[in-house]
Amino acid sequence: MLSNVIHHSRHLRNIVVKRLELPGFSFRVTPDSTIGGCPIEALDIPPRVSHPPDASPRYDLLNFRLRTKLDCSHFQRGQKVLVDRIICSL
């Protein structure tokens, strides 16, 4: 699933991405899932981002946690990344 990096935090090891494809598909992360080749875990909490002006939640964003802090240096805001080795369903 191709995605665009919106935010990342080395301290928290999290990375927020916006889907660029497969917007209607749900998925689940496996133990082998990666983002940009770096191992990830899914976070249950949605990213704290909202649409102005009504502050409605952004359901087009996904929040992941990188397994190691060192992997955070591989990402920049606006970078296109591949979320790989996930299980997709309709």
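The values are calculated or read from the model by the stated rules, or taken from the named source; none is laboratory data. As the structure is a computational prediction, the values presented were derived from the model and not from experiment. Cβ coordinates were reconstructed from backbone atoms using ideal geometry, including for glycine residues, and neighbour counts include every protein chain displayed.
Structure notes:
- Check on residue 39, in a loop (DSSP other than H, G, I, E, B) and at pLDDT 70 or above: no
- Of everything in the stretch 1-44 that is of a type in the set (Ser, Thr, Tyr) and either without any contact (Cβ under 8 Å) to a residue 12 or more places away in the chain or in contact with a Leu (Cβ under 9 Å, 6 or more places away or on another chain) (or both), the residue that is surrounded by the most Cβ atoms within 10 Å (Cβ to Cβ) is 3.
- Filter result (part of a strand (DSSP E or B) and at pLDDT 90 or above) within the stretch 42-81: 66, 80, 81
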